[in-house]
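A quick write-up on the structure given underneath.
The values are calculated or read from the model by the stated rules, or taken from the named source; none is laboratory data. Values in this document were obtained by computation on a predicted structure and should not be read as measured data. Note that we place each Cβ from the backbone using ideal geometry, even for glycine, and neighbour counts take in every protein chain shown.
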Amino acid sequence: MPPPRSASGQLRVSWLLLVAVGLVVAGFVVLAPSVGLLLEQRRDIAALEAQVAAQQANVEALEDERARWDDPAYIEAEARDRLFYVYPGETSFVLLDDRSTLETASADVPSDTLEEPQSDWAAAAAASLLVAGLTDAGPASFGVPADLPEPE
């Protein structure tokens, strides 16, 4: 028959297990910010590498454009196309497409005769100025809120 275990032996195993679990948890607590920082830096590095690749592609496209401008035939073609340059003795023709303006123009034709207005606008404006300047009525009669101070 095996010897009976003492209560203190079981207690030591429990304490040992508790200390080991505590050390593992403390390790996670200490290392978690560093691991998070590492992952964040890796994401930043990947984003910056993608940005560098895009900029390198842009530089290559600009170098290709510059190489095209080194070709005299390309310069001549661009001058003819953009600036309408021609050699002496050549005749240049520019075609204007004016069909779009005719299609959008209104079909209504203004009348050929002048029409006399029914009222005299100058007399109406002068009468309005006289009435506004010579009246004794307050601002309330003109639709102004009553809480505004009246002019002196």
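Mind telling me which of the residues ALA61, ALA79, ALA73 ends up being assigned to a helix (DSSP H, G or I), of a type in the set (Gly, Ala, Ser) and more than 30 Å from LEU95 (Cβ to Cβ)?
Exactly one residue qualifies, and that residue is ALA61.
Mind telling me which of the residues LEU48, LEU11 ends up being modelled with pLDDT of 95 or more and surrounded by 10 or more Cβ atoms within 10 Å (Cβ to Cβ)?
LEU48
Given the condition among the β-branched types (Val, Ile, Thr) and either exposed (fewer than 10 other Cβ atoms within 10 Å of the Cβ) or not in a helix (DSSP H, G or I) (or both), answer yes or no: does some residue in segment 88-95 qualify?
The answer is yes; a qualifying residue exists.
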